Each structure stands twice: as structure tokens, then as C-alpha cells.
1. If you scan segment 15-55, which residues turn out to be of a type outside the set (A, V, I, L, M, F, W, C), open to solvent by 40 Å² or more (accessible area, probe 1.4 Å) and either assigned to a helix (DSSP H, G or I) or in contact with a Gly (Cβ under 9 Å, 6 or more places away or on another chain) (or both)?
2. Considering each residue of segment 56-69, count those that are out of contact with any Pro (no Cβ under 7 Å at 6 or more places or on another chain), farther than 15 Å from Cys98 by Cα and either part of a loop (DSSP other than H, G, I, E, B) or of a type in the set (Lys, Arg) (or both), and give that number.
3. Could you tell me which numbered condition Pro58 fails, if it satisfies all but one of (1) touching a residue at least 12 places away in the same chain (Cβ under 8 Å); (2) open to solvent by less than 50 Å² (accessible area, probe 1.4 Å)?
4. When residues of segment 67-119 are filtered for being on the phi > 0 side of the Ramachandran plot, open to solvent by 70 Å² or more (accessible area, probe 1.4 Å) and at pLDDT 95 or above, how many remain?
Amino acid sequence: LRPSSDPAPPFDFSMNASARADDEGRKIFIGGLSFDCREDDLRADFGKFGELEDVQLPMGGDKPHKGFAFLTYCKAESATDATKEHHQRNYMGREITCKIVEPRRGGGGGGGGDRYGGG
């Protein structure tokens with residue numbers, strides 16, 4: 001154990017890249033997407049705010065995808081700019097939710113909608 005006066009290490013190697021992006025405010029959640037939306041659309045339209053590190057558009061079985069996506073930017077400022085521009089705005093014919101992903105805290109399961117800004 002480190003004494004409480006020691007600063008935290010600059011980089012936590014035990015964290016995976018996704019959790020690190022959550023902690024750094026670089027990942028956004030987009031909900032309410034049109035089923036016509038494709039990964040290329042997201043990269044083109046949301047890439048205007050900064051370089052995208054990753055785009056996740058989960059598949060939806062009999063649908064092209066599940067209607068939501070996670071985008072990870074290289075810089076937190078880009079994620080903030082994208083959410084300011086797109087939250088509760090029309091995108092491809094639907095009003096979308098666009099929020100910064102909040103880091104997971106604790107190890108418990110359970111529900112709760114606060115991870116994506118709801119709640």
C-alpha cells in the first residue's frame with residue numbers, strides 16, 4: 001500500500017482501454033439511432049469533432065444494429081464537443097441521446113440508469 005500522501009500513478013496499467021476511456025471522459029453513448037445508420041455514417045458525422053479511436057455499433061439480431069452506439073475519441077474535448085452538438089437533436093430522422101459515458105464505480109451488479117446520464 002502507498003501512503004495516502006503519494007500521488008496516484010500517471011497511468012493505471014490494470015485498467016483496460018475501455019475503462020480508461022470512461023475515466024478520461026473520451027467515450028460517448030449515442031441512443032435512439034435510426035436503424036438506417038451505419039458505422040461509416042457515425043465515423044463521418046462524429047469524426048468532425050476529433051479523431052475517433054473506436055466505434056462500437058452492437059448488432060441487433062434481426063435488425064442491422066440495436067439502435068445505440070459507443071464512440072471513443074482520442075481526446076476528451078472532442079467527446080464533449082460532440083455531445084454538446086448532438087444531444088437531443090435530430091440525427092438521420094430521429095432524436096438521439098448523446099452523453100459522455102460515466103465510469104463504473106464499485107463492483108456490484110444491479111440496475112440503475114446513471115451510467116449513461118439517466119437515472
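The values are calculated or read from the model by the stated rules, or taken from the named source; none is laboratory data. Predicted model only: the values in this text are computed from it and were never measured. So basically every Cβ, Gly included, is an ideal-geometry build from the backbone, and we count neighbours across all protein chains shown. With ligands, DNA and RNA removed, areas are computed over all heavy atoms of the protein, side chains included. Shrake-Rupley method; radii C 1.70, N 1.55, O 1.52, S 1.80 Å.
1. Ser18, Arg20, Asp23, Glu24, Asp36, Glu39, Asp40, Asp41, Arg43, Asp45, Lys48
2. 6
3. (1) is the only condition that Pro58 fails.
4. Qualifying residue count for the region: 2.
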